[in-house]
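Asker: Below is one structure. I have some questions about it.
The values are calculated or read from the model by the stated rules, or taken from the named source; none is laboratory data. Computed from a prediction, not measured in an experiment: that's the story for all the values here. Note that each Cβ is placed from the backbone with ideal geometry, even for glycine, and that neighbours are counted across all protein chains shown.
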Amino acid sequence: MGQLSVIAIAIVFGAAFIAPWLHRRLGDKCGIVLGLVPLAAAVLYASMVPTIAAGGAVAFRSEWVPSLGLAFDLRIDGLSLLFLLLISGIGVFVTWYAAGYLHGKKDLGRFYLYLFGFMGSMLGVVSSDHLVALFVFWELTSISSYLLIGYYHTAARSRASALQALLVTGTGGLAMLAGILLLGRMAGTYRVSELNALDAAALVAQPGFAAVLVLILLGAFTKSAQFPFHFWLPNAMEAPAPVSSYLHSATMVKAGVFLLARLHPLLSASPLWMPIVAPVGAVTMLLGVAMGLGQRDLKKILAYTTLSVLGTLTMLLGIGTEAAVKAAMVYLLAHALYKAALFMCAGSIDHETGTRDPDAVGGLRRAMPFTAAAALLAGLSMAGFPALLGFVGKEYFYKALIATDGQGALWEILGVSASVAMFALAATAAWKPFFGPLLPTPKHPHEAPWTMWIGPILLGVAGLKAGLFPGISGGMLIAPSVHAVLGSADHEIAYKLWHGWTLALGLSGVTVALGIVLYLAAPRIRAASARFAVLGRLGPERCYELLLSGTLGFADWLTRTTQNGYLRNYLLTIFLFTAALVLWTLPSELSLPDSSALIPLQFLPVVVCLLIIAGAVAACLALSRFYAILALGVVGLGVGMLFFLFSGPDLAMTQILVETLALVLFVLAFYRLPLFSHYSKLGTKIRDGIIAAGFGVVMTLVVLAEMGAGGADMSVSKFMGESSLPLANGRNVVNVILVDFRALDTLGEITVLAIAALGVWAIMRLRPKNTEKGGDK
Amino acid sequence: MQIVLAITIGVLYAAAVYLLLRRGVVRVVMGVSLLSQAVNLLIFTAGGIKEGGSPFVAGASTSLANAADPLPQALILTAIVISFGVLAFTLAMAYRADKSTGTDDVDDLRSTDAQ
């Protein structure tokens with residue numbers, strides 16, 4: 001059965017790559033065919049339900065780099081299975097929905113490539129047992145999400161939002177990678193199943209575990225858009241509706257929550273877990289609904305409620321009691337079902353009426369009956385009406401908060417506030433557009449094609465069915481996932497719709513009453529919210545913008561400063577750094593040659609040296625090309641003389657030959673080259689002169705140090721001297737080295753000369769077209 | 001003698017650096033040429049200098065006795081020839097750059113795009 005988990009991922013990735021081809025063959029219908037792929041994956045995963053409900057797990061292992069402990073490990077337990085079924089199941093409807101929503105778009109094939117790439121990555125994230133593999137899939141979801149958010153790539157806002165999502169989640173991903181590597185080193189394993197089985201208390205007590213926790217939390221918080229990283233999620237609404245429905249409600253943003261749940265048995269042992277995770281979740285929960293109330297765009301409203309739900313889930317996992325985890329899992333399932341449906345309905349409204357302003361649409365129930373029915377079912381679940389899964393979720397949520405030790409009352413107030421606002425927003429998103437008087441819209445409204453309402457209806461019905469018969473989904477999906485999150489199976493999961501007359505039910509009643517009041521006041525809040533828009537400019541998003549523009553500005557400055565295109569500046573940098581580095585190490589090496597080893601001064605060599613010095617100085621000062629050539633010739637021949645005087649006859653011969661040739665070359669070339677021009681100011685010349693003199697002094701010291709050090713390793717030279725006659729039958733050792741021992745070097749040298757000759761020939765023959773400045777004169 | 005040689009090499013380096021930092025392309029080419037002379041002499045002295053000890057295997061002996069180190073000499077011999085190739089190529093480049101762009105100021109040659 002382990003292979004099935006790989007096959008499911010493989011067929012989804014495979015579908016991604018044939019999607020563009022399929023689109024060319026079938027046109028818009030390709031979406032309907034492609035929808036069968038996640039359906040097949042869902043069936044494969046569903047076949048695992050009995051095994052996992054019985055407490056088992058499905059595992060697959062394939063060694064990758066055994067020496068590094070890297071393996072492709074998949075392991076599906078209750079938590080994974082819940083996510084896998086959501087991803088593949090909702091994936092079917094999103095694929096069909098996109099076929100209708102993006103009907104007639106030329107690059108629909110590309111869209112499906114991204115979408116299925118994302119789907120496969122997401123399946124990989126939730127079924128990976130190895131943290132490194134999980135990270136790889138995690139980053140793949142970031143990249144495919146970037147491509148999907150930026151699908152309307154001609155719109156600047158769309159591109160900016162995509163980049164923002166990528167940078168925020170990508171940065172978090174890098175932090176998470178650091179956390180994963182630290183954790184792996186500490187624990188000695190990267191496998192989640194082994195990590196969760198470790199003695200968490202001992203591991204958590206290790207020094208540096210706080211860093212692990214914070215780094216991994218950064219990854220989870222950025223991905224799940226927790227405060228203060230929440231801003232990318234509402235901006236991601238630039239994406240087409242099926243993307244928002246899939247990535248930004250049901251799946252990708254839940255990856256962060258998934259990670260928190262996945263590592264819950266281990267990380268929650270840390271004393272920092274609850275103080276960090278629960279408050280961040282609570283802030284996000286309240287911030288989401290508060291900002292959602294001010295929005296005038298159905299998709300934005302849904303995005304902010306998604307934020308709020310993600311905050312709720314994070315908060316519940318932060319509290320981490322059995323009741324809280326149970327509530328989180330039910331809430332997660334309920335939210336995925338209703339939110340995916342509502343996003344699709346919002347997209348349909350936009351598609352069919354041309355507007356997403358909740359105050360501009362109304363009374364669409366006659367024109368769009370199926371969409372209205374789906375939205376109503378989903379909206380009731382979101383609002384938490386009895387008989388729907390959302391109600392069960394909310395009851396568990398309240399029960400978990402009531403049961404929280406210590407500040408139970410505080411958590412209850414926070415939870416009820418968020419639920420009241422959630423109720424009002426559910427009514428705004430799901431009731432307001434379809435009921436009341438029919439309002440005029442930019443497009444004449446009519447029902448969307450079946451591909452666009454079948455998904456929301458079925459998801460809505462699923463929410464109703466799961467609510468009415470909680471035992472089925474509870475026993476098969478919720479209980480195993482709760483066991484996986486808590487890390488043990490000895491919890492009795494009582495799961496039912498009706499809990500009797502409890503405090504939680506009372507709070508639900510209060511929620512509905514206050515929610516209706518808030519819904520009636522909502523249009524006025526929206527109207528007033530424009531005045532507070534300025535506050536949005538001060539939020540964390542401003543930090544992101546400053547950081548981004550600051551980084552770009554710094555990179556721009558750095559490039560302009562260091563890569564300025566002036567050859568002289570590059571050379572100056574190289575020379576100064578070389579001199580500085582040599583001076584750094586030289587003093588410890590410097591020992592002047594002792595006087596007994598010195599060769600006494602002799603007339604001829606000293607005169608040659610003086611000639612060379614004079615030639616070099618003259619070359620620098622020469623005012624005409626003729627004197628410059630003469631000076632260079634003096635230097636070259638002088639160097640040849642030195643070779644001759646100090647036992648290098650071959651060198652001397654070569655040098656003198658080459659110098660003669662070079663002289664001829666200079667004479668030939670210089671008269672084709674421009675006259676000496678005088679560009680530099682005197683100040684620059686003096687500055688360069690000082691730098692050059694300093695560099696010369698450093699090099700003099702290097703030569704002295706090297707002579708003083710003496711005793712170079714002579715073993716190679718000795719071997720070559722001894723082998724010269726017996727092996728190569730030659731007495732001139734330098735010649736033997738060149739043509740025998742290092743013959744390949746000489747071959748290389750000849751090749752270089754040949755290439756240089758070809759280059760010179762080509763350059764001289766070249767007749768550039770007159771497009772360049774000046775042309776060929 | 002070694003100290004005089006060291007100073008000579010230092011002066012060659014200084015002159016090469018000075019010329020390389022000039023803006024006229026011809027002077028830069030001259031700097032390249034001087035730099036290769038300086039480097040060759042540096043390597044030459046690295047083996048330790050010796051008078052009257054050419055690296056030949058003399059008479060019936062099969063080893064080098066009291067002779068200069070042949071290895072740096074072999075390297076320099078290659079370097080001399082290569083630097084000649086480099087010189088020819090740079091001169092050709094300088095010629096072509098001048099003809100194509102109408103300037104011999106390296107500060108004007110900051111971009112590969114026609115300005």
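Asker: Determine if segment A:610-623 includes at least one residue that is out of contact with any Leu (no Cβ under 8 Å at 6 or more places or on another chain), away from chain B (no Cβ under 11 Å) and modelled with pLDDT under 90.
Answerer: Yes.
Asker: Mind telling me which of the residues B:Ala15, B:Ala46, B:Ala6 ends up being among the small types (Gly, Ala, Ser), facing chain A (nearest Cβ under 7 Å) and touching a Pro at 6+ places or on another chain (Cβ under 8 Å)?
Answerer: On the way: B:Ala15 fails: touching a Pro at 6+ places or on another chain (Cβ under 8 Å); B:Ala6 fails: touching a Pro at 6+ places or on another chain (Cβ under 8 Å).
After ruling out the rest, the residue left standing is B:Ala46.
Asker: Right, something else. Considering only residues that are touching an Asp or Glu at 6+ places or on another chain (Cβ under 8 Å) and assigned to a loop (DSSP other than H, G, I, E, B), which ones fall in segment A:365-383? Give the derivation first.
Answerer: Of the residues in segment A:365-383, the ones touching an Asp or Glu at 6+ places or on another chain (Cβ under 8 Å) are A:367-371.
A:Ala367, A:Met368 - these are the residues of segment A:365-383 that are touching an Asp or Glu at 6+ places or on another chain (Cβ under 8 Å) and assigned to a loop (DSSP other than H, G, I, E, B).
Asker: Count, please, the residues in segment A:711-736 that happen to be facing chain B (nearest Cβ under 7 Å), surrounded by fewer than 21 Cβ atoms within 10 Å (Cβ to Cβ) and touching a residue at least 40 places away in the same chain (Cβ under 8 Å).
Answerer: Final tally of qualifying residues: 1.
Asker: Quick one: in segment A:277-310, of everything that is among the small types (Gly, Ala, Ser) and within 26 Å of A:Ala527 (Cβ to Cβ), which residue is surrounded by the fewest Cβ atoms within 10 Å (Cβ to Cβ)?
Answerer: So, considering only residues that are among the small types (Gly, Ala, Ser) and within 26 Å of A:Ala527 (Cβ to Cβ), the one surrounded by the fewest Cβ atoms within 10 Å (Cβ to Cβ) is A:Ala290.
Asker: Can A:Gly354 be described as more than 38 Å from the chain's Cα centre (by Cα), over 27 Å from A:Thr284 (Cβ atoms) and in contact (Cβ under 8 Å) with a residue 12 or more places away in the chain? If you could, list the steps in order and put the result at the bottom.
Answerer: On the way: more than 38 Å from the chain's Cα centre (by Cα): no; over 27 Å from A:Thr284 (Cβ atoms): yes; in contact (Cβ under 8 Å) with a residue 12 or more places away in the chain: yes.
No.
Asker: Being under 30 Å from B:Gly53 (Cβ atoms), among the aliphatic types (A, V, I, L, M) and in contact with an Asp or Glu (Cβ under 9 Å, 6 or more places away or on another chain) is true for just one of A:Ile613, A:Ile599. Which residue is that?
Answerer: Details: A:Ile613 fails: in contact with an Asp or Glu (Cβ under 9 Å, 6 or more places away or on another chain).
A:Ile599 is the lone residue from the list that is under 30 Å from B:Gly53 (Cβ atoms), among the aliphatic types (A, V, I, L, M) and in contact with an Asp or Glu (Cβ under 9 Å, 6 or more places away or on another chain).
Asker: Right, another one. Search segment A:662-674 for residues being within 9 Å of chain B (Cβ to nearest Cβ) and loosely packed, with under 15 Cβ neighbours inside 10 Å, and hand back the single one that is farthest from B:Arg27 (Cα to Cα).
Answerer: Let us first name the residues in segment A:662-674 that are within 9 Å of chain B (Cβ to nearest Cβ), namely A:662, A:665-666, A:668-670, A:672-674.
Right, trim to loosely packed, with under 15 Cβ neighbours inside 10 Å and you get A:668, A:672.
Numbers: A:Leu668: 16, A:Arg672: 14 Å.
Once the filter is applied, the top-ranked residue is A:Leu668.
Asker: Where residues in segment B:68-106 are within 7 Å of chain A (Cβ to nearest Cβ) and part of a loop (DSSP other than H, G, I, E, B), which of them is farthest from A:Met714 (Cα to Cα)?
Answerer: Restricting to residues being within 7 Å of chain A (Cβ to nearest Cβ) and part of a loop (DSSP other than H, G, I, E, B), the top hit is B:Gly102.
Asker: Looking at this structure, is A:Gly515 in contact (Cβ under 8 Å) with a residue 40 or more places away in the chain, assigned to a helix (DSSP H, G or I), away from every other protein chain (no Cβ under 14 Å) and of a type in the set (Gly, Ala, Ser)? Talk me through it step by step, then tell me what you get.
Answerer: Working: in contact (Cβ under 8 Å) with a residue 40 or more places away in the chain: yes; assigned to a helix (DSSP H, G or I): yes; away from every other protein chain (no Cβ under 14 Å): yes; of a type in the set (Gly, Ala, Ser): yes.
Here the answer is yes, as A:Gly515 does meet what is asked.
Asker: Does segment A:61-83 contain any residue that is surrounded by fewer than 22 Cβ atoms within 10 Å (Cβ to Cβ), part of a strand (DSSP E or B), within 30 Å of the chain's Cα centre (by Cα) and among the β-branched types (Val, Ile, Thr)?
Answerer: yes
Asker: Just checking, which of A:Phe646, A:Phe603 is more than 7 Å from chain B (Cβ to nearest Cβ) and either closer than 30 Å to B:Asp69 by Cα or touching a strand residue (DSSP E or B) at 6+ places or on another chain (Cβ under 9 Å) (or both)? Walk me through how you get there before you give the answer.
Answerer: Numbers: A:Phe646 fails: more than 7 Å from chain B (Cβ to nearest Cβ).
From the options A:Phe646, A:Phe603, the qualifying one is A:Phe603.
Asker: Of the residues that make up segment A:134-146, is at least one charged (D, E, K, R) and within 19 Å of A:Ile7 (Cβ to Cβ)? Give the derivation first.
Answerer: Step one: filter segment A:134-146 for residues charged (D, E, K, R), giving A:139.
After this cut, where a residue has to be within 19 Å of A:Ile7 (Cβ to Cβ) as well, the list is none.
So far as segment A:134-146 goes, no, none of its residues is charged (D, E, K, R) and within 19 Å of A:Ile7 (Cβ to Cβ).
Asker: Then there is this: Would you pick out the residues in segment A:625-661 that are modelled with pLDDT under 90, surrounded by 22 or more Cβ atoms within 10 Å (Cβ to Cβ) and within 60 Å of the chain's Cα centre (by Cα)?
Answerer: Answer for segment A:625-661, where residues must be modelled with pLDDT under 90, surrounded by 22 or more Cβ atoms within 10 Å (Cβ to Cβ) and within 60 Å of the chain's Cα centre (by Cα): just A:Ala628.
Asker: Residue check: is B:Ala65 more than 7 Å from chain A (Cβ to nearest Cβ) and small (Gly, Ala, Ser)? Working first, answer last.
Answerer: Numbers: more than 7 Å from chain A (Cβ to nearest Cβ): yes; small (Gly, Ala, Ser): yes.
In short, yes.
Asker: Please verify whether B:Leu77 is modelled with pLDDT of 90 or more, in contact with a Lys or Arg (Cβ under 7 Å, 6 or more places away or on another chain) and over 20 Å from A:Val702 (Cα atoms), treating the condition exactly as stated.
Answerer: Working: modelled with pLDDT of 90 or more: yes; in contact with a Lys or Arg (Cβ under 7 Å, 6 or more places away or on another chain): no; over 20 Å from A:Val702 (Cα atoms): yes.
Answer is no for this residue.
Asker: Is it true that some residue in segment B:18-37 is surrounded by fewer than 19 Cβ atoms within 10 Å (Cβ to Cβ), more than 7 Å from chain A (Cβ to nearest Cβ) and farther than 30 Å from B:Gly102 by Cα?
Answerer: No; the residues of segment B:18-37 include none that is surrounded by fewer than 19 Cβ atoms within 10 Å (Cβ to Cβ), more than 7 Å from chain A (Cβ to nearest Cβ) and farther than 30 Å from B:Gly102 by Cα.
Asker: Answer with yes or no whether A:Leu701 is more than 7 Å from every other protein chain (Cβ to nearest Cβ), of a type outside the set (Phe, Trp, Tyr) and loosely packed, with under 15 Cβ neighbours inside 10 Å. Give the steps one after another, and end with the answer.
Answerer: On the way: more than 7 Å from every other protein chain (Cβ to nearest Cβ): yes; of a type outside the set (Phe, Trp, Tyr): yes; loosely packed, with under 15 Cβ neighbours inside 10 Å: no.
The answer is no for A:Leu701.
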